[in-house]
Amino acid sequence: MQILIAGATGNTGLRIVSQMTEQGHHPIAMVREGSDTAGLPTGTQTRAGDLTKISDDLCENIDAVIFAAGSGGGSGKEMTDKVDRDGAKALVDNAKKHGVNRFVMLSSFGAGDPDPESDLAHYMQAKHDADQHLKSSGLDYTILRPVALTEEDGDRHYVLGDEVDPNGEAARGDVAALLIRAVDDPDLLGKTLAMQSVE
């Protein structure tokens, strides 16, 4: 399968590409001009793309999309809107236009019902809006909402849904593995899932 990874050079995206490569898949890393691609595995296929101005042919000949991009902490509300909300929506629309089979969205715990009093209220609302757009797009989808992310690789032990502790943690390695699994696991189709790593 041709799987496009948005956010491929980010902390989670690099793990996705690396794990997919180790498993014998052929990920396509979406990279914008000036991105540091040094962390990508040797030989990784890339495709030029910018979430703030998506080209019409970005998802051409793509079977699945994993959205693991983010504007980054401290980037401001404007960039959050451009990347986490509008960029995600535009990528969903482009995927639908080109007949992509599955769209896997990395969201965030709390995006289902954003707390307007939270310090992350604007970010959570942006993620909420992007998630809702995907749900209503008609695409086959999975939305993953991990609790607080850590830089750990994890050991692929995790819980989903109602078992998740809102104050728990999710290892980026586990998150990456679950995003990859969601590309072709029928049990995860059409679901929005909270996620937490466990010992």
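Go through (1) among the aromatic types (Phe, Trp, Tyr); (2) outside any loop (DSSP other than H, G, I, E, B); (3) over 22 Å from Ile3 (Cα atoms) and name the single condition Phe103 misses.
(3)
Out of the residues in segment 143-158 that are surrounded by 14 or more Cβ atoms within 10 Å (Cβ to Cβ) and among the aliphatic types (A, V, I, L, M), state the one that is farthest from Ile3 (Cα to Cα).
Filtering segment 143-158 for residues that are surrounded by 14 or more Cβ atoms within 10 Å (Cβ to Cβ) and among the aliphatic types (A, V, I, L, M), the one farthest from Ile3 (Cα to Cα) comes out as Val147.
With the checklist (1) over 18 Å from Asn11 (Cα atoms); (2) out of contact with any helix residue (DSSP H, G or I) (no Cβ under 9 Å at 6 or more places or on another chain) in hand, flag the one item Ala148 doesn't pass.
All conditions pass for Ala148, except number (1).
Please work out if Glu199 is closer than 23 Å to Ser18 by Cβ, in contact (Cβ under 8 Å) with a residue 12 or more places away in the chain and not polar (S, T, N, Q).
Against the criterion (closer than 23 Å to Ser18 by Cβ, in contact (Cβ under 8 Å) with a residue 12 or more places away in the chain and not polar (S, T, N, Q)), Glu199 does not qualify.
For the structure I just gave you, tell me whether Gly24 is modelled with pLDDT under 95 and more than 25 Å from Ala171 (Cβ to Cβ).
no
When the residues of segment 160-171 are filtered to those that are assigned to a helix (DSSP H, G or I) and not small (Gly, Ala, Ser), which remaining residue is surrounded by the most Cβ atoms within 10 Å (Cβ to Cβ)?
Across segment 160-171, the extreme among qualifying residues is Glu163.
Yes or no: Lys127 outside any strand (DSSP E or B) and either out of contact with any strand residue (DSSP E or B) (no Cβ under 9 Å at 6 or more places or on another chain) or modelled with pLDDT under 95 (or both)?
Working: outside any strand (DSSP E or B): yes; either out of contact with any strand residue (DSSP E or B) (no Cβ under 9 Å at 6 or more places or on another chain) or modelled with pLDDT under 95 (or both): no.
Answer is no for this residue.
For segment 177-199, enumerate the residues that are assigned to a helix (DSSP H, G or I) and surrounded by fewer than 17 Cβ atoms within 10 Å (Cβ to Cβ). Give the derivation first.
Of all residues in segment 177-199, those assigned to a helix (DSSP H, G or I) come to 177-182, 186-188.
If the condition is that a residue be assigned to a helix (DSSP H, G or I) and surrounded by fewer than 17 Cβ atoms within 10 Å (Cβ to Cβ), then Arg181, Pro186, Asp187 are the ones that fit.
Just to be sure, is Gly110 touching a strand residue (DSSP E or B) at 6+ places or on another chain (Cβ under 9 Å), surrounded by 16 or more Cβ atoms within 10 Å (Cβ to Cβ) and at pLDDT below 95?
In short, yes.
For segment 183-199, how many residues meet the condition of being among the aliphatic types (A, V, I, L, M) and under 13 Å from Val147 (Cα atoms)?
4
Picking from Asp129, Asp140, Asp174, which residue would you name as being buried (at least 21 other Cβ atoms within 10 Å of the Cβ), under 16 Å from the mean Cα position of the chain (by Cα) and acidic (Asp, Glu)?
That would be Asp174, the only listed residue that is buried (at least 21 other Cβ atoms within 10 Å of the Cβ), under 16 Å from the mean Cα position of the chain (by Cα) and acidic (Asp, Glu).
The values are calculated or read from the model by the stated rules, or taken from the named source; none is laboratory data. Treat the numbers as computed from the prediction; the structure is a model and nothing was measured. Don't worry about glycine lacking a Cβ; one is built from the backbone with ideal geometry, like all the others, and counts go over all protein chains shown.
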